[in-house]
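Asks: I have a structure here, written as structure tokens, and I will follow up with some questions on it.
Here, each number is a calculation from the coordinates, and none is a lab measurement. Just so it is clear, the structure is predicted and the values come from calculations on it, not from any experiment.
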């Protein structure tokens with residue numbers, strides 16, 4: 001039904017355009033003197049006027065047509081105007097006569113009009129513009145200007161103004177209906193992907209049960225077959241996840257929860273997850289880089305980007321190959337971190353390089369070549385990187401290998417403070433710090449386990465904080481004594497205490513956290529202002545430095561004091 | 001309806017060479033100078049460019065003005081191409097042969 005509506009609108013548009021063309025042809029025929037009669041429709045049916053004087057049909061036509069018509073002098077003064085044009089501007093015809101036509105145009109169109117008249121004296125011109133209406137509103141019109149000869153005073157301009165508001169409305173509706181359709185498509189996509197996951201989870205679960213021998217011993221053949229089923233189910237799940245992710249990105253539903261990410265940790269985690277795949281193919285997977293580098297990004301997204309790029313590199317590198325992930329400050333761009341994933345695989349030819357980030361693009365339809373995936377991964381990466389204000393690109397030499405690179409903004413306390421400090425250009429009443437000091441329980445000896453716990457804690461803090469008001473700060477480690485996590489919140493003492501209470505409650509509820517760590521949550525005001533101030537950019541920067549200093553002191557002191 | 005049009009369009013291309021019929025309708029207003037000129041020009045153009053494969057119909061709106069509404073005629077003379085579809089109008093006395101041939105799609109644009 002929606003597309004029917006679109007079709008109707010399009011047909012309407014085409015009809016209007018055809019009618020315009022016919023009117024133009026009529027006007028031209030009249031100018032050339034090829035017409036000497038007019039059929040004028042009226043309440044009693046058509047009447048025919050045959051005319052000897054060539055000006056007569058012009059006048060009748062001009063008065064009857066639904067377009068606005070005016071005769072202008074070469075200087076642009078209105079010498080004649082029909083009822084319709086007067087109506088379009090909301091003025092009586094007599095107030096139009098003698099006025100410069102340019103004064104009937106809206107402000108933005110005025111400067112261009114004299115040039116249009118000059119052009120029209122050479123050849124017919126057409127342009128879009130806006131007529132001023134009585135009530136300050138504007139009417140979109142198409143202006144057609146043609147040169148005519150005026151009997152007494154030489155050259156003049158015949159101007160035809162066609163009301164485009166219908167067309168503009170139709171185009172707007174067409175656009176809206178297209179958007180509605182897109183949204184429906186995305187919703188369907190997201191729904192279908194969800195539905196597909198449920199039976200797939202079932203397949204996965206029962207296959208593992210069989211494979212584990214829980215329901216009886218298996219022969220080697222049977223295990224082999226089940227392994228294949230499991231592998232295919234996993235592939236299918238990755239594809240569905242990609243579809244789901246694309247649908248979310250399309251719908252603008254991807255929320256980036258930024259916090260401070262230790263780049264090395266993210267890379268290490270990604271590599272750990274893919275080590276099995278690399279070992280299976282006999283590919284050397286390594287990393288190298290700046291261990292302290294912090295980026296301001298969504299940790300889950302960073303991992304997703306890395307998994308995608310490294311996974312791709314593994315996919316397109318033959319056995320015995322080499323994949324290396326490097327990370328450091330971007331050369332020439334100190335505010336950004338650069339991550340590169342380098343392989344010595346088959347490489348990508350230049351025309352393909354330009355397209356790899358497109359959705360559903362795969363080189364030579366590589367589904368046939370046995371590579372799994374839908375061709376959505378790199379498109380998703382691109383969306384994710386740009387939603388972090390970073391860049392992503394590829395360099396490659398066919399046969400020698402490819403290097404995918406992306407940048408992410410480096411984390412700095414000052415950089416992220418402005419939403420906390422100000423609201424709609426005024427300073428917030430107060431800025432507070434909520435500190436969570438967490439110490440691993442003796443049973444949580446393994447570093448592995450602690451890293452899971454701290455990620456959990458970070459997630460919890462992200463969940464509790466408001467994106468436009470609070471920021472989750474990078475934790476300060478004081479191993480083995482523990483680690484200090486913090487939220488900087490644009491709120492006063494009582495607001496901060498409320499937030500602290502919420503965090504306490506949520507931590508108690510989370511089994512993993514209560515099992516693995518002992519935590520103390522406290523709140524304090526870092527900066528209070530009596531009145532709301534209207535600061536300049538420099539003021540905010542100065543305050544940001546001041547607050548950053550106070551915050552790092554508070555965090556270090558707390559963690560150092562124990 | 002769309003399908004029908006598309007089909008006929010296809011036919012049109014195929015049949016042009018094979019001698020398709022051109023059905024033309026000329027609207028005039030009695031014996032005004034332009035009406036007479038249009039009649040004469042139409043005759044000449046058809047004989048020269050569509051010999052043996054045209055059919056013309058002349059409607060005098062002075063005699064039957066109610067017919068103007070059907071094809072939405074405003075200026076007279078006007079030539080209407082009834083067949084082959086789509087409907088096309090050429091307004092004026094047909095004195096510029098080239099413009100008429102282009103307008104009727106007898107010669108490509």
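Asks: Relative contact order for region B:22-103: what percent, with Cα pairs under 8 Å and sequence separation of 6 or more?
Replies: 43 percent
Asks: Below 8 Å, C-alpha to C-alpha, sequence gap of six or more: please give me the relative contact order for chain A in percent.
Replies: In percent, rounded to a whole number, it is 8.
Asks: How big is the shadow of the Cα convex hull of chain A, averaged over all directions, in nm²?
Replies: Values: hull surface 165.6 nm².
Averaging across all directions leaves 41.4 nm² for the Cα convex hull.
Asks: Kindly express, to the nearest 10 degrees and within the range 0 to 90, the angle between helix A:55-64's C-alpha long axis and the longest C-alpha principal axis of chain A.
Replies: Between helix and principal axis, roughly 40 degrees.
Asks: So, one more: Can you tell me the orientation of helix A:165-211 relative to chain A, as the angle in degrees between its alpha-carbon axis and the longest Cα principal axis, to the nearest 10?
Replies: Roughly 20 degrees between the two axes.
Asks: Moving on. May I ask for the angle, rounded to the nearest 10°, between helix A:2-31 and the longest principal axis of chain A, with both axes built from Cα atoms and the value confined to 0 to 90°?
Replies: The helix A:2-31 is inclined about 30 degrees to chain A.
Asks: Take region B:22-103, compute every pairwise Cα distance, and split them into 10 Å bins from 0; I just need the percent in each bin.
Replies: 19, 57, 23, 1
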